[in-house]
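See structure below.
Nothing in this text is a laboratory measurement; each read-out follows from the coordinates by a stated rule. Since we're looking at a predicted model, the values are computed, not measured. Here Cβ is always computed from backbone atoms with ideal geometry, including for glycine, and neighbour counts include all displayed protein chains.
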Amino acid sequence: MERTFVMFKPDCLERGLVGRILTRFEEKGLRLVAMKMLRVTPALAKQHYAEHVEKPFYAGLEEFITASPVVATIFEGPEVVRVVREMLGATSGLKAAAGTIRGDYSSSRQMNLVHASDSPESAAREIGIYFKADEIQSWDPSLACWYQAPGEA
């Protein structure tokens with residue numbers, strides 16, 4: 001079972017959309033295995049966005065991501081990295097298709113509500129930044145058998 005890191009960004013919390021967006025992932029059948037609310041510090045932002053630290057837009061990105069709390073989560077499911085990214089839509093809410101999370105709720109490139117890992121390797125790295133192994137819960141929901149046919153994992 002694949003895992004991905006999903007962060008509900010400050011704009012998502014400020015706008016009161018965490019529950020609404022979290023519900024979309026759960027209704028899709030993705031399994032929530034970890035969740036916590038925290039404040040991203042400048043040091044944590046530099047670790048998370050290491051590939052962007054030297055870019056001209058980084059200062060604004062750090063200011064945004066540290067402005068309010070975030071909710072860090074881990075979801076599990078078949079092809080979950082791809083599935084979550086498709087559910088989010090294009091990075092810019094103005095370019096995201098209607099029906100996607102960003103297409104329905106965002107009109108910005110930076111304030112696009114949710115960050116999600118772009119590969120299984122990024123997911124492993126980001127999960128390691130935000131969660132300790134004992135904070136991740138492995139479990140099988142009793143309704144799991146109703147989301148996929150046997151052998152479809």
Legend entry - the chain: projected area of the alpha-carbon convex hull, averaged over directions, in nm²: 9.2
Inset, instruction - Report the trypsin sites (Lys or Arg not before Pro) located in region 44-106 that are in a DSSP loop and have at most 14 other Cβ atoms inside 10 Å of their Cβ, or state none. - result: Lys95
Legend entry - Per-selection Kirkwood Rh - region 1-86 (Cα, Å, 1 d.p.): 13.9
Inset, instruction - Report the FRET efficiency, 1/(1 + (r/R0)^6), for Thr91 and Glu2, where r is their Cβ-Cβ distance and R0 is 22 Å, rounded to 0.05. - result: 0.55
Inset, instruction - Using only Cα atoms, locate the centre of region 39-83 and the centre of region 91-153, then give the distance between them in Å, rounded to an integer. - result: 14
Inset, instruction - With a point put 7 Å past each Cα toward its Cβ, work out how far Arg82 is from Ser107 in nm, to one decimal. - result: 3.4
Legend entry - Candidates per chymotrypsin sites (Phe, Trp or Tyr not before Pro) in region 56-136, loop by DSSP, up to 15 other Cβ within 10 Å: Phe57
Legend entry - Extended-chain gain in nm, criterion 0.36 nm per residue less alpha-carbon gap, Val53 and Trp146: 29.1 nm
Inset, instruction - Please sort by residue number the GluC sites (Glu not before Pro) in region 66-142 whose DSSP state is loop and whose Cβ has at most 15 other Cβ atoms within 10 Å. - result: Glu79
Inset, instruction - With unit charges on the beta carbon (Lys/Arg positive, Asp/Glu negative), name the residue among Met37, Trp139, Cys12 whose Cα is farthest towards the positive pole of the charge dipole of the chain. - result: Cys12
Inset, instruction - First select every other residue whose beta carbon is under 14 angstrom from the beta carbon of Ser106; then total the charges, Lys and Arg +1, Asp and Glu -1. - result: +4
